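Below is one structure, written out as structure tokens; the observations come after it.
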Amino acid sequence: MSYASSFEEQFTWRAVILGVIGSIIITTSSMYVALRMGALPWPTIFVAILSLTVLKALGRTNLNEINVTHTAMSAGGMVAGGVAFTIPGIWMLDKNATVGFAPLLVVTLAGTVLGVIIVASIRRHFIEVEQLPFPMGIAAAETVLAGDEGGQKAKWLFGSLGVAALLTALRDQWQKIPGAWTPPALWARNIQFGLWVSPMAVGIGYLIGPFFTGTWFLGAALSYLLFIPLAVNGGYLSMEAATALKNSLGIGLIVGAGVGVLLKGVLPKAREIFGPLLGGTGDINLRWAPLTVAAIIFLLTTVAGIGFLPTLVTV
């Protein structure tokens, strides 16, 4: 199987149809998982394997068509995450609130379209120029290439997939192994240090390397080995309050880091990043983006009933 030689061979009707059907299924299942578990593992690898399997069975496919299909499918999981982790905030603020179908649909579509525009705008700068790590994208590409090449690489791929699936089933479905293990001696001292039994986490750590994995570990160590024990043993907070505050601090750090990336990495280079795209001279022509954003603002203010100023700030 080779790469596509033209745009028409990449963006085919069957890629679009399969992508839409898969996106609907992934969105539905991801919404359930996100609302039920409070977390959402991205289904990127699953849909990459699914797209590869289906399109190879249909015949006369190529790597680019598979990429288009699984990208469309995985977008459903991203949309589900955006809705599941924001809309419930309405009922946190007002438990008697009601949300109509039309406003919810408009807000969801607006967020989806804005996300596509933003990602299309900054992808080249952060992925190709800055070369920031993109573990899920790398894993999806390697999965498709390994499945296509076959041989030893495919054996490793599907062998590790089978082991991970078995361990996850033993943990979640049959509950034969614990989800996490914490030494009793540490637990007795309010030190919640343990090991999460997760093949997915091991795979992500393997892909992103020791530096970023170590950064995550440092945050967890500071939280569970220092902050929570000091707060609880010192009598300042209960275990529940300390854990909740830890989560708030973590979210604050993530949001702050995102703002820092925006201020340092995007705004100073806005002309370099967005100029060629909006001018029609870059890899992607986004000259239609301003009109699309204006249409989104109009729909959010008229159909969703959001005030003009909040809409403008959000967009």
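The values are calculated or read from the model by the stated rules, or taken from the named source; none is laboratory data. Being a predicted model, the structure only gives us computed values, none of them experimental. Please note: Cβ atoms are built from the backbone with ideal geometry, for glycine as well, and neighbour counts cover all protein chains shown.
A few comments on the model shown:
- Restricting attention to the range 204-220, the residues that are of a type in the set (A, V, I, L, M, F, W, C) and surrounded by 13 or more Cβ atoms within 10 Å (Cβ to Cβ) add up to 6.
- Across the range 168-184, the qualifying residues are those that are among the β-branched types (Val, Ile, Thr) and assigned to a loop (DSSP other than H, G, I, E, B), and the one among them that is surrounded by the most Cβ atoms within 10 Å (Cβ to Cβ) is Thr182.
- Which listed residue is at pLDDT below 90, crowded, with 20+ Cβ neighbours inside 10 Å and under 17 Å from the mean Cα position of the chain (by Cα), from Ala72, Ala39, Ala80: Ala80
- Scan of the range 42-60 for residues that are hydroxyl-bearing (Ser, Thr, Tyr) and buried (at least 23 other Cβ atoms within 10 Å of the Cβ), ordered by number: Ser51
- Selection count, the range 117-134, where residues are of a type outside the set (D, E, K, R) and free of Cβ contacts under 8 Å to residues at least 24 places away in the same chain: 7
- Residue, nearest to the chain's Cα centre (by Cα), within the range 207-241, restricted to residues that are under 17 Å from Arg189 (Cα atoms) and of a type in the set (S, T, N, Q): Ser223
- Of residues in the range 57-66 being assigned to a helix (DSSP H, G or I) and over 13 Å from Ser2 (Cβ atoms), the one modelled with the lowest pLDDT: Ala57
- When Ala165 is tested against the conditions (1) farther than 30 Å from Thr61 by Cβ; (2) in a helix (DSSP H, G or I), the lone failure is (1).
- Contact map, the range 15-35: residues that are within 11 Å of His70 (Cα to Cα) paired with residues that are charged (D, E, K, R), Cβ distance under 7 Å, separation 6+ or inter-chain. Pairs shown: Ala15/Glu65.
- Scanning the range 83-96 for residues that are assigned to a helix (DSSP H, G or I), farther than 18 Å from Ile26 by Cα and either modelled with pLDDT under 85 or not aromatic (Phe, Trp, Tyr) (or both) gives Gly89, Ile90, Met92, Leu93.
- Pair list, Cβ < 6 Å and 6+ apart or interchain, from the range 220-243 residues that are touching a residue at least 24 places away in the same chain (Cβ under 8 Å) to residues that are of a type outside the set (Val, Ile, Thr) and not in a helix (DSSP H, G or I): Tyr224/Gln192; Tyr224/Phe193; Leu225/Phe193; Pro229/Asn190; Val232/Asn190; Asn233/Asn190
- Considering residues of the range 84-120 that are more than 18 Å from Leu299 (Cα to Cα) and touching a helix residue (DSSP H, G or I) at 6+ places or on another chain (Cβ under 6 Å) only, the residue surrounded by the fewest Cβ atoms within 10 Å (Cβ to Cβ): Ala97
- Of Val107, Val99, Val116, Val144, all but one fail to be outside any helix (DSSP H, G or I) and among the hydrophobic types (A, V, I, L, M, F, W, C); the exception is Val99.
- Any hit, the range 226-238, residues being surrounded by 11 or more Cβ atoms within 10 Å (Cβ to Cβ), modelled with pLDDT of 80 or more, in contact with a helix residue (DSSP H, G or I) (Cβ under 8 Å, 6 or more places away or on another chain) and under 28 Å from Trp42 (Cα atoms): no
- Count - residues of the range 166-205 that are farther than 29 Å from Val232 by Cα, small (Gly, Ala, Ser) and free of Cβ contacts under 8 Å to residues at least 40 places away in the same chain: 2
- Taken over the range 73-105, the residue count meeting the criterion of being in contact (Cβ under 8 Å) with a residue 40 or more places away in the chain and among the aromatic types (Phe, Trp, Tyr) is 1.
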